[in-house]
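First comes the structure, then the notes that go with it.
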């Protein structure tokens, strides 16, 4: 049981380049999320998808776009990368009704992105 | 914003209990209290969550104050593998309502 799988694990981009971070979960979860974590900081929510077919902005959405491709997959796209987007990106998934579930969010192992 | 206050760091000896405190004075009546931990170079890992009553699971216990303005995560016997950053969060449980602060860095020594 893989849980949440993120690809790639590491990436270096030049300023202005674009890329897509991929995320897939195999737990049949309804909700999926993208967070970023800067050095020494907590996680900040970029975008989320409460259920298949819906997406919403989180705390720091500027410079990013997302696609909920199907129930399993949720991708994050950087159209024109900037050095300020250097960070570790985490994808997570959960059941829709978190309050009544015992397992909370399941996070991937992260993508370490450097923009030079 | 749903803010919590945690000590920046704590230390514990292996095999001893650890009590990690958290203040959440702005918590509303419907907010759950969640704890996650993040091991080095990994994504956060769910630990436990609760609403009013104390909660136990295989990883830890959660003690919630009667006024719900504070809580304590209890690791009954710390091991070296418990060294991590522990995040206390409160919210309704949906993604848009959970805010991760900077957490408490727990060091466990022999």
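Averaged over peptide B:98-107, the number of partner chain Cβ atoms lying within 10 Å of each residue's Cβ comes to 3. Counting Cβ atoms of other protein chains within 10 Å of each Cβ in A:44-52 and taking the mean gives 2. In the elastic network of chain B, a GNM with C-alpha springs shorter than 10 Å, the most mobile of B:68, B:77, B:37 is B:77. Considering only alpha-carbon pairs that sit under 8 angstrom and 6 or more positions apart, the relative contact order computed for chain B is 38 percent. The mean count of C-beta atoms from other chains within 10 Å of the C-beta of residues in B:40-49, rounded to a whole number, is 6. Building the convex hull from the alpha-carbon atoms of the protein assembly as shown and averaging its projection over directions returns 12.1 nm².
Within the listed set A:83, A:39, A:61, the residue fluctuating most in the Gaussian network model of chain A (springs between alpha-carbon atoms under 10 angstrom) is A:39.
Taking every alpha-carbon pair under 8 Å whose residues sit at least 6 apart, chain A reaches a relative contact order of 35 percent.
Going by Cα centres, region A:1-67 and region B:34-71 are how many Å apart? Using only Cα atoms, the two centres lie 24 Å from each other.
Read-outs: derived from the displayed coordinates by stated rules, not from any lab. None of these values were measured; they are calculated from a predicted model. Every residue, glycine as well, gets a Cβ built from its backbone with ideal geometry; the counts of neighbours run over all protein chains shown.
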